[in-house]
Amino acid sequence: MNRHKTLKNPAQSWVIIEIYPALAARSFIGKQSYKSDQKLKQTQEMQFCRQEMINQGRSPMFKEKYGFSLDISDDLALPCGKQSIG
């Protein structure tokens with residue numbers, strides 16, 4: 001089953017890909033928990049894991065392996081890493 005969505009902008013040279021989050025997370029951080037919908041269960045370690053997923057998606061190694069990279073500004077990357085739900 002194909003579990004991704006792709007959006008292409010013909011006027012630009014970018015593509016947006018949405019994939020099943022657990023598959024991406026496992027490739028970056030293994031089976032560590034990275035989010036919780038319950039505030040009391042959210043930890044600093046989870047926040048670190050979320051930030052690590054963003055950092056790895058932005059890395060040259062990721063681009064070499066998959067042929068694309070996550071293009072996100074530092075101003076947006078930090079709040080995304082702090083987002084603990086959804």
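A short reminder: the numbers here are calculations on the coordinates, not readings from a lab. A quick note: this is a predicted structure, and the numbers were derived from the prediction, not measured. As a convention, Cβ positions derive from the backbone with ideal geometry for all residues, glycine included, and neighbour counts pool all protein chains shown.
Some observations on this one:
- The residues in segment 31-61 that are of a type in the set (Lys, Arg), in a loop (DSSP other than H, G, I, E, B) and over 14 Å from the mean Cα position of the chain (by Cα) can be counted, and the count is 1.
- Selection of segment 69-84 for residues being over 16 Å from Ser59 (Cα atoms) and hydroxyl-bearing (Ser, Thr, Tyr) yields only Ser84.
- Residue list for segment 62-75, filter: surrounded by 10 or more Cβ atoms within 10 Å (Cβ to Cβ) and more than 12 Å from the chain's Cα centre (by Cα): Lys63, Lys65, Tyr66, Phe68
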